[in-house]
Amino acid sequence: MPEIRLTPEEMRYISLFQDITKAAVKDCIIDQENNRIIFLVDSKDMGMAIGKSGINVKKLKKSLGKDVEIVAFSDNLDDMVKFLMSPARVRSIRLVNSDSKKSVYVTVDPQDKGIAIGKSGKNVVRAKLILKRYMDIDNVVIV
C-alpha cells in the first residue's frame with residue numbers, strides 16, 4: 001500500500017469527524033471538483049460513523065459546508081469495490097493490466113447501473129480517487 005500523507009486541512013477534518021462520530025477514520029479525501037469530503041472508515045464502524053438516521057453526516061455537512069460521504073474501507077480489492085459501488089449490486093469485478101495501467105471492470109445489476117455511476121459520474125470519480133490512492137488503479141469502468 002502506498003504511503004499516504006495527510007494535509008493539515010485533512011487532519012482537521014478527521015479530528016472533527018472523530019469528535020462528532022466517535023468512529024476512527026482511516027483516511028480523508030478532499031474532492032474540490034465535487035465540493036465533497038470523503039471519509040474512509042472500517043466497515044465495522046459504519047453505523048457509528050453515519051449515526052442514527054444519518055445524524056452525524058448531517059452535522060458534518062452543516063459544520064463543513066460541503067457534502068460528506070462515508071465509505072467503508074478494505075485492503076481487499078473486491079470488498080473495496082463493493083463498498084464503493086454500494087448500494088448498487090456488484091455481479092463481478094475484473095482487474096486488467098495493460099501498458100503499465102490498471103483498470104477495474106465492474107459489472108453491476110443492469111437496473112443499478114445509474115446508482116453505480118452516480119449523478120454526473122461522481123460515484124465513478126470517487127471510486128477512481130480511492131482505488132488510485134490505495135491500489136494504484138488508474139481506471140474504473142462500469143459494465
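Only one entry of GLY47, GLY118 meets the criterion of being touching a Lys or Arg at 6+ places or on another chain (Cβ under 8 Å) and free of Cβ contacts under 8 Å to residues at least 24 places away in the same chain, and that entry is GLY118. For the range 48-67, a residue qualifies if it is open to solvent by 20 Å² or more (accessible area, probe 1.4 Å) and closer than 21 Å to ALA116 by Cα, and the qualifying residues are ILE50, VAL57, ASP67. Among the numbered conditions (1) closer than 19 Å to LEU16 by Cα; (2) not in a helix (DSSP H, G or I), the only one that LEU60 does not meet is (2).
If the condition is being of a type in the set (Val, Ile, Thr) and at pLDDT 95 or above, then the range 26-49 contributes ILE37, ILE38, VAL41.
The set of residues from the range 1-33 being over 16 Å from the mean Cα position of the chain (by Cα), among the acidic types (Asp, Glu) and closer than 22 Å to LEU131 by Cβ comprises just one member, GLU3.
Counting only residues that are within 16 Å of ALA72 (Cα to Cα), part of a helix (DSSP H, G or I), open to solvent by less than 50 Å² (accessible area, probe 1.4 Å) and of a type outside the set (Val, Ile, Thr), the range 86-143 holds 7 of them. Of the residues making up the range 15-41, those that are of a type in the set (Val, Ile, Thr), open to solvent by 20 Å² or more (accessible area, probe 1.4 Å) and in a helix (DSSP H, G or I) number 1.
The values are calculated or read from the model by the stated rules, or taken from the named source; none is laboratory data. Predicted model, so just to flag it, every value in this text is computed and none were measured. Ideal geometry is used to build each Cβ from the backbone, glycine not excepted, and the neighbour counts take in all protein chains shown. With ligands, DNA and RNA removed, areas are computed over all heavy atoms of the protein, side chains included. Shrake-Rupley method; radii C 1.70, N 1.55, O 1.52, S 1.80 Å.
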